[in-house]
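*Asks:* This is the structure, below, for whatever I ask next.
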Amino acid sequence: MDVNALIEQYGPQALDIGIQLGGALAIVLIGYWVAKIISGLLEKTMTKRGVDPSLSGFITKLVFFTIMALVIIPALAHIGIQTTSVLAALGAAGLAVGLALQGSLANFAAGVLLIAFRPCRVGDWVEAGGCAGSVQSISLFSTILLTGDNKKVIIPNSKVMSDAITNYSAQPNRRVDLVVGISYDADLKKAKQILLELVAADERILKDPAPVVQVAELADSSVNLICRPWAATSNYWPVRWDLVENIKLRFDAEGIGIPYPQMDVHFHKEA
């Protein structure tokens, strides 16, 4: 069979196929161009608004590949491929992958929420997932805490989000809550005055809100006073430790006893 006969026989079909392939390629190229523009604009917007780089990078890639998936489907349909079966296969594959990775997906979803809503930031001291420590990093799958004794604790994000998060660094000021017990025969007014003097003498303690020194409870073996001054969050522990030590030293010097739990046992001699 000569060349002219082949061209006459298969030429129209080849031309149609070429036109279809060219149209599909044009759809993919235009879709790729649109996806790059949209994802680029989205990334710039999130960067200007201070969105976490890991979250912005993930969202940018997600938008890009979603647009490309939406583009490839009509491109396949343009060259005559039945997209219904392709979509069904992709749906089944996605379901299987989702079931296999449901734990990881839960951690991922929790990581997105942590990064988006910011209940804690790197450097904050928190209680989360049953642990307490300084936040070292927050990724899409786990949160790393550094404990006070320098242990690294890696917590899955799903566990962090499923429980309460206590952030001790979120506010600029914290209240120091102390309960000081004195004996029943001690001078109550003098004890309160000493606590007020100790609080006023510490320059790290804030004047506003004003410290509170009051009688809280008449307990079994002591009269319990509450001492509640406010301090900057960064000074919380130094103020607490110094105040406890100074209270003990000053009470000893002034003769105000701090009782300890005790029990009096009486024996009755039977006749």
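*Asks:* Please grab the % of Cα pairs in the stretch 147-207 that end up more than 17 Å from each other.
*Replies:* Counting pairs separated by more than 17 Å, the tail of P(r) holds 67 percent.
*Asks:* Just want the answer: with Cβ charges of +1 for Lys and Arg and -1 for Asp and Glu, which residue in SER158, ALA186, ASN173 is farthest toward the dipole's positive end in the stretch 122-242?
*Replies:* SER158
*Asks:* Would you mind checking which residues have amide H under 5 Å from ASN173's amide H? H placed 1.01 Å from N; only 5 or more apart, or other chain.
*Replies:* THR233
*Asks:* What share of Cα pairs, in percent, lie more than 20 angstrom apart in the stretch 120-221?
*Replies:* Here the long-distance tail beyond 20 Å is 57 percent of all Cα pairs in the stretch 120-221.
*Asks:* Another question, if that's okay. Quick one: if you stick a label point 7 Å off each Cα along the C-beta vector at TRP33 and ASP208, how many nm between them?
*Replies:* Rounded to a tenth, the inter-label distance reads 6.2 nm.
*Asks:* Provide the gained length on full extension for the span ILE79 to LYS248, in nm with one decimal, where the gain is 0.36 nm per separating residue minus the Cα-Cα distance.
*Replies:* 52.2 nm
Values in this text are rule-based calculations from the coordinates and carry no lab data. In this text the structure is predicted, and so the values were computed from the model without any measurement. Counting neighbours? That spans all protein chains shown, and the Cβs are built from the backbone with ideal geometry, glycine included.
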